[in-house]
1. Any idea which of (1) surrounded by 11 or more Cβ atoms within 10 Å (Cβ to Cβ); (2) over 8 Å from the mean Cα position of the chain (by Cα); (3) in a helix (DSSP H, G or I) is the one L13 doesn't satisfy?
2. Determine whether E33 is in contact with an Asp or Glu (Cβ under 6 Å, 6 or more places away or on another chain) and either surrounded by 13 or more Cβ atoms within 10 Å (Cβ to Cβ) or modelled with pLDDT under 95 (or both).
3. Six or more apart or on different chains, Cβ under 6 Å: which pairs go from a residue in the range 4-18 that's of a type in the set (D, E) to one that's surrounded by 11 or more Cβ atoms within 10 Å (Cβ to Cβ)? Could you list them?
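The values are calculated or read from the model by the stated rules, or taken from the named source; none is laboratory data. Bear in mind the structure is a predicted one, so any value in this text is a computation, not a measurement. For neighbour counting, all protein chains shown are included, and Cβ atoms are generated from backbone atoms with ideal geometry for every residue, glycine included.
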Amino acid sequence: MCAWMLEAERRSLHYGLRLGAEAIPPNTGPAHERQCLRALG
């Protein structure tokens with residue numbers, strides 16, 4: 001999932017995550033990437 005997210009960021013595609021009760025809506029950019037990586041970590 002991490003590789004998919006990093007590729008979406010590299011291509012400037014909007015992406016989001018839903019992990020259990022946590023949901024991060026689609027977006028893009030450095031702050032969004034950090035938020036998603038923290039959620040995956």
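1. All conditions pass for L13, except number (3).
2. For E33, the condition - in contact with an Asp or Glu (Cβ under 6 Å, 6 or more places away or on another chain) and either surrounded by 13 or more Cβ atoms within 10 Å (Cβ to Cβ) or modelled with pLDDT under 95 (or both) - is met.
3. E9/E33
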